[in-house]
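Okay, so here's the structure we're looking at.
The values are calculated or read from the model by the stated rules, or taken from the named source; none is laboratory data. Quantities reported herein were computed from a predicted structural model and do not represent experimental measurements. Neighbour counts run over all protein chains shown; Cβ positions are idealised from the backbone, glycine included.
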């Protein structure tokens, strides 16, 4: 039942004093540098970057040493090496939807991230205590389970505090930290393992995870914004309306000018335009957008926390026309509905192909380098730098993708990735591995970096409240590919060798590309034909 707003001035003194007290308190808090730092988007981005950096350092540390541990210390086979690498994905796949659903349901990001980081420290210590293959399996699964928090919740945090226009650049910068972590990990892991003993790399990683836990404690939980919509009559100069949901905010309707205000505290008892504006201005961290569109209601284009995004409402569906209230908060959506969106599906398929091929290289390249060149863990860690270094340009790739289109950049990445994968089957020396590995890393980064903001853009346009669920789907797909890639590579390498492993992966990329990017390829071809016809007419 919608109750009309009071038209008297009886509540104004009480409301004014309450607002003044709240404003004074909040102004005092906002003057604190500590308060501002803990709530700044930059701090959130830094903490998320640190979390992904830590996760990838821990992941990368074991890349050059696990094959040696399984083969030389435990007497295992390449298939067992591939299975051990795949166990990370099993843990990640199991934990990702749990973290995502709980985070969106209870609207809390920090606690799951802290739990995940502590779990990462415990799992890493488990590696150092492992004395047989099955303990390594359990530690690897635990490592993957903890990683689900960093990726799912961390990316959701970025989507909470940054608008979609900047999300590509921010995620690109964050993925750069991820790339640096993966670059540092193999080098540090190989060096510590070879020169300081079996436990040294794992103790180092556990300490890094504890440090990141403290960084997560530092930031404040993003505050859920409430949305108020006020319509002011241009002729009479009065505001009136109705309170619809105290939790989500205040919605007030009148026939003409629309003022949309995102505030954290619900305003009440608005009886005149000036007083209404004063009350709304006193909201915590408010954001005001005024649009003069007679007879039409518009909502602020921006984010509210936890993926609740305001969206435009057409005039045909505005309260001014049909008497109903508009939808302000984002709509709850299931993971199945998100995955059913064709754009999201294409992103997930591209992720699966790129990640399965990249993760498939990780267990077999160290074995091949040892077999071909007698390389140890330190040399293997260094050679992996060639594949990881190009991913430092993720931020530039994200910026470019925001300008020209996410899918077109990913399509370019697929072409580079295919060439690099076939080329990796040819080198016979350390130096000749560098260029193919560099192209391999560049192609992978060019494919994956634009996909995250492309998925966020779908969520934004649909008005869904499901950032964490969307990125959970991304992580689940990535996890599945990280399970399939190493296992497939281990089987092919053991039975047919490294050359056939790379050829099979290259064929997989070539076959998948036209299926995933069918619409983009058709558009480019149509545009090319249009230009060709124009040139023909001009020449004639």
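Looking at 185, 172, 189, just one residue is under 30 Å from residue 459 (Cβ atoms) and crowded, with 24+ Cβ neighbours inside 10 Å, and that residue is 172. Put simply, of 431, 424 the only residue that is over 18 Å from residue 343 (Cβ atoms) and out of contact with any helix residue (DSSP H, G or I) (no Cβ under 9 Å at 6 or more places or on another chain) is 431.
Scanning segment 488-503 for any residue that is in contact with a helix residue (DSSP H, G or I) (Cβ under 9 Å, 6 or more places away or on another chain) and either modelled with pLDDT under 85 or closer than 29 Å to residue 400 by Cα (or both) turns up nothing.
Would you call residue 208 part of a helix (DSSP H, G or I), without any contact (Cβ under 8 Å) to a residue 60 or more places away in the chain and in the same structural domain as residue 394 (by TED's automatic domain parsing)? No: the conditions fail for residue 208. Name every residue in segment 504-540 that is more than 30 Å from residue 424 (Cβ to Cβ) and either modelled with pLDDT of 85 or more or assigned to a loop (DSSP other than H, G, I, E, B) (or both), in order of residue number. Answer for segment 504-540, where residues must be more than 30 Å from residue 424 (Cβ to Cβ) and either modelled with pLDDT of 85 or more or assigned to a loop (DSSP other than H, G, I, E, B) (or both): just 540. Do we find a residue being assigned by TED's automatic domain parsing to the domain that holds residue 187 and buried (at least 20 other Cβ atoms within 10 Å of the Cβ) anywhere in segment 35-42? Checking segment 35-42: not a single residue is assigned by TED's automatic domain parsing to the domain that holds residue 187 and buried (at least 20 other Cβ atoms within 10 Å of the Cβ). Out of 400, 408, which single residue is surrounded by fewer than 18 Cβ atoms within 10 Å (Cβ to Cβ) and part of a helix (DSSP H, G or I)? The conditions single out 408. Using the structure shown, decide if residue 163 is buried (at least 24 other Cβ atoms within 10 Å of the Cβ) and farther than 21 Å from residue 479 by Cα. Criteria not met by residue 163.
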